[in-house]
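Okay, so here's the structure we're looking at.
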Amino acid sequence: MTSPARIDLHAHSTASDGTLSPEELVRAAADAGLDVVAITDHDTTAGWEAAVRALPPGLTVVRGAEISCRWYGVEPAIPLHLLAYLFDPTEPELVAELARVRRAREERGERIVRLLQADGINVSWREILAGAGGGTIGRPHIAQALIRAGLVATTTEAFGPDWLGERYRLPKEDIDVFRAVALVRAAGGVPVFAHPRASRRGRIVPDELIVELAAAGLAGLEADHEDHTAAEREHVRRLAAELGLLVTGSSDFHGTHKTVQLGAHTTDPEVYERLIALAGGVTPVASGRPAY
Ligand code: AMP
Ligand code: FE
Ligand code: FE
Ligand code: ZN
């Protein structure tokens, strides 16, 4: 009997805040023994083409994105991440929304840098932009500047309350989560709520919202994720079962911007089959065998 496929549905490249290029990411996924990897950069599909071109034998790539969303049902609104798989990357409304969010991320990044500079902290926006290499800008890129300046030792420390976690944290202009679910579906994609109970990252949304999102077209919940405790994973699984949602597990790999490794958490092959059966935008791309 062959061993079950190893499927990791959440990974970042230099197209956003990962440290491996899309080419390096797919090679690393194959080296890690994965059969399927999803490239899910923040608010962009810019890494898709390079990942597909560099696909090593035996690996399948699922093209996706992690969309910056917000739930406006409470004040202040709560930011959340929506994984979107296999959507049509040319769907005009979705393309326009993603471009808007990327622009807003740049403006916000520059404002964070100005706040730091106003406090006498020596970081350069131009250097940070160059460090992002054209990828979607995020706080991890600013964190690298704080490390270079010798102000913090690690990315984790840069996300502490004295730095980008609170004192120098500014909100992004995200997409209303209901609009994002509708846009992803309209583009033939499959929306999955990323790390929905990750309370250590900040405020989390109530289960009632997830009930409403399921009715609005949400397809799944990410349960196995390093930011979820065992109890949080169990809670997500139970909620998904009640609502008939798919349950995924993923590494949320970011290269050296995080410590988690590719394949640290994986998705059940049966769930994966159901997920791709829901997609109508683009297909997974397989290189050689097996045809996952
Ligand atoms: P942003 O998208 O600019 O709000 O930054 C959020 C990103 O920072 C997430 O996608 C993660 O990649 C990263 N991140 C969030 N919290 C941490 C943390 N505690 N340590 C390291 N990276 C983090
Ligand atoms: Fe990230
Ligand atoms: Fe996320
Ligand atoms: Zn992610």
- Message: Looking at the stretch 43-51, can you tell me whether even one residue there is within 16 Å of ligand 2 (Cβ to nearest atom), in contact with a helix residue (DSSP H, G or I) (Cβ under 7 Å, 6 or more places away or on another chain) and of a type in the set (Ser, Thr, Tyr)?
- Response: yes
- Query: Which residues, counting only those in the stretch 106-160, are among the acidic types (Asp, Glu) and either within 15 Å of ligand 1 (Cβ to nearest atom) or not in a loop (DSSP other than H, G, I, E, B) (or both)?
  - Reply: Glu106, Glu107, Glu110, Glu127, Glu157
- Message: I'd like the residue in the stretch 161-175 that is open to solvent by less than 80 Å² (accessible area, probe 1.4 Å) and part of a loop (DSSP other than H, G, I, E, B) and, out of all such residues, is farthest from Val113 (Cα to Cα).
- Response: Asp174
- Quick one: which residue in Thr267, Thr259, Thr248 is open to solvent by less than 40 Å² (accessible area, probe 1.4 Å), in a loop (DSSP other than H, G, I, E, B) and within 16 Å of ligand 4 (Cβ to nearest atom)? Thr267
- Item | Selected residue (criterion: most open to solvent (accessible area, probe 1.4 Å)) from residues of the stretch 1-26 that are out of contact with any strand residue (DSSP E or B) (no Cβ under 8 Å at 6 or more places or on another chain) and under 23 Å from Glu273 (Cα atoms) | Met1
- Query: Is there any pair with a first residue in the stretch 187-199 that is over 13 Å from Leu9 (Cβ atoms) and a second that is near ligand 3 (Cβ under 10 Å from one of its atoms) and at pLDDT 95 or above whose Cβ atoms are under 8 Å apart and which are 6 or more apart or on different chains, and what are they?
  - Reply: Pro196/Leu80; Pro196/Glu222; Ala198/His225; Ala198/Asp227
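Going by the structure shown, is Thr60 in contact with a helix residue (DSSP H, G or I) (Cβ under 7 Å, 6 or more places away or on another chain) and modelled with pLDDT of 95 or more? Working first, answer last.
Values: in contact with a helix residue (DSSP H, G or I) (Cβ under 7 Å, 6 or more places away or on another chain): no; modelled with pLDDT of 95 or more: yes.
It is false that Thr60 is in contact with a helix residue (DSSP H, G or I) (Cβ under 7 Å, 6 or more places away or on another chain) and modelled with pLDDT of 95 or more.
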- Note on the structure: Looking across the stretch 220-245 at residues that are open to solvent by 10 Å² or more (accessible area, probe 1.4 Å) and not in a helix (DSSP H, G or I), the single one that is farthest from Leu83 (Cα to Cα) is Thr229
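The values are calculated or read from the model by the stated rules, or taken from the named source; none is laboratory data. It should be emphasised that the depicted structure is a prediction, and the values quoted were computed from it without experimental measurement. No Cβ is skipped: glycine too gets one built from the backbone with ideal geometry, and neighbour counts run over all protein chains shown. Heads up: the accessible areas ignore ligands, DNA and RNA and are worked out on the full protein's heavy atoms, side chains in. Shrake-Rupley method; radii C 1.70, N 1.55, O 1.52, S 1.80 Å.
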